[in-house]
Amino acid sequence: MSGTGNMIHRLTDNRSASTSRMGAASRTSAVASSFVVADAGQCIGCKACELACFAVHSQANGIGASVGTVSVPVVPKVYVVRTGEMYMPVQCRHCENAPCAHACPVQAIRQEDGVVMIDEERCIGCTSCVLACPFGAIEVSPVYRAGHVVTQSGLTHRANRVALPRTAASKCDLCAETENGQPACVEACPNHVLRLAKGISDSPPEPRREVFFPRL
Ligand code: SF4
Ligand code: SF4
Ligand code: SF4
């Protein structure tokens, strides 16, 4: 297995072990983050990354790998944006001192082993994290389960009394809880635009620098 594969599986294992201690964990950790980066100049805007991301995170909604299985809105955790003739995939950078986690009023965002995760069950959809994220990497959207929108208990439209959907924040989780734990967007990109950048803790330590002051 490649070094990247090893690292992702380590993240997956740690994540599943740490999910149960979500309540006790601190909001941020000292572990350096890994994140997916893009060579924006090479992106052709095909959105294969968006579809791959959506598919691996929608297994509970019965979404498979083919278009015919899609029965809910396509909501990925990576967003391809266009500026003029340029395309740029945007996703979470898993900041070491994550502003979104500090902004969340209900502690729904935690950093576990370098991966910033959102607990969608705890999220109240307030959008504070959306405003706090400097990369525009978080979206708040309706929650779907088993192919149906989840409604918010006690929340109805003022005019027609129709139940309103429950919304929750969503963003890149490095595919930490998917079946093979590999970033699906990286594997799907036909132009090899995306790659997993390793956290600095996986790099050799910086050599210590001696500072000499001139004698006066
Ligand atoms: S939208 Fe959810 S995750 Fe974001 S700040 Fe509000 S409660 Fe927290
Ligand atoms: S690493 Fe996974 S969760 Fe993150 S953008 Fe890529 S496919 Fe989506
Ligand atoms: S799959 Fe690659 S080329 Fe296509 S939109 Fe995503 S990053 Fe760009």
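The values are calculated or read from the model by the stated rules, or taken from the named source; none is laboratory data. Everything quoted here is computed from the prediction, not taken from an experiment. Don't worry about glycine lacking a Cβ; one is built from the backbone with ideal geometry, like all the others, and counts go over all protein chains shown.
Condition (residue is within 14 Å of ligand 1 (Cβ to nearest atom) and touching a Ser or Thr at 6+ places or on another chain (Cβ under 9 Å)) applied to the range 79-94: is it met by at least one residue?
no
Would you kindly identify the strands (runs of 3 or more DSSP E) lying entirely within the range 121-216 that contain at least 3 residues that are among the aliphatic types (A, V, I, L, M) and at pLDDT 85 or above?
Of the strands (runs of 3 or more DSSP E) lying wholly inside the range 121-216, those with at least 3 residues that are among the aliphatic types (A, V, I, L, M) and at pLDDT 85 or above span 194-197.
Only one of 149, 81 is of a type in the set (Val, Ile, Thr), within 16 Å of ligand 2 (Cβ to nearest atom) and surrounded by fewer than 20 Cβ atoms within 10 Å (Cβ to Cβ). Can you tell me which?
Among 149, 81, only 81 is of a type in the set (Val, Ile, Thr), within 16 Å of ligand 2 (Cβ to nearest atom) and surrounded by fewer than 20 Cβ atoms within 10 Å (Cβ to Cβ).
Within the range 183-195, how many residues turn out to be more than 10 Å from ligand 3 (Cβ to nearest atom) and crowded, with 19+ Cβ neighbours inside 10 Å?
Within the range 183-195, residues that are more than 10 Å from ligand 3 (Cβ to nearest atom) and crowded, with 19+ Cβ neighbours inside 10 Å number 2.
Looking only at the range 72-109, how many residues end up being within 25 Å of residue 39 (Cα to Cα) and part of a loop (DSSP other than H, G, I, E, B)?
Number satisfying all stated conditions: 15.
Select from the range 84-111 the residues that are closer than 17 Å to residue 136 by Cβ, buried (at least 19 other Cβ atoms within 10 Å of the Cβ) and aliphatic (A, V, I, L, M) and list them in ascending order.
Matches in the range 84-111: 98, 101, 109.
Let's see how each residue does on (1) within 12 Å of ligand 2 (Cβ to nearest atom); (2) of a type in the set (Phe, Trp, Tyr); (3) modelled with pLDDT under 50:
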position: 10; (1), (2), (3): no, no, yes
position: 13; (1), (2), (3): no, no, yes
position: 18; (1), (2), (3): no, no, yes
position: 23; (1), (2), (3): no, no, yes
position: 33; (1), (2), (3): no, no, no
position: 43; (1), (2), (3): no, no, no
position: 51; (1), (2), (3): yes, no, no
position: 57; (1), (2), (3): yes, no, no
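Out of the range 136-178, which residues are away from ligand 1 (no atom under 16 Å from the Cβ) and within 16 Å of the chain's Cα centre (by Cα)?
174, 175, 176, 177, 178
Among the listed residues 62, 84, identify the single one that is touching a residue at least 60 places away in the same chain (Cβ under 8 Å) and either more than 22 Å from residue 184 (Cβ to Cβ) or in contact with a Gly (Cβ under 8 Å, 6 or more places away or on another chain) (or both).
Among 62, 84, only 62 is touching a residue at least 60 places away in the same chain (Cβ under 8 Å) and either more than 22 Å from residue 184 (Cβ to Cβ) or in contact with a Gly (Cβ under 8 Å, 6 or more places away or on another chain) (or both).
Let me confirm something: among 74, 143, which residue is in contact with a Leu (Cβ under 8 Å, 6 or more places away or on another chain), surrounded by fewer than 21 Cβ atoms within 10 Å (Cβ to Cβ), without any contact (Cβ under 8 Å) to a residue 60 or more places away in the chain and under 26 Å from residue 188 (Cβ atoms)?
Answer to the check: 74.
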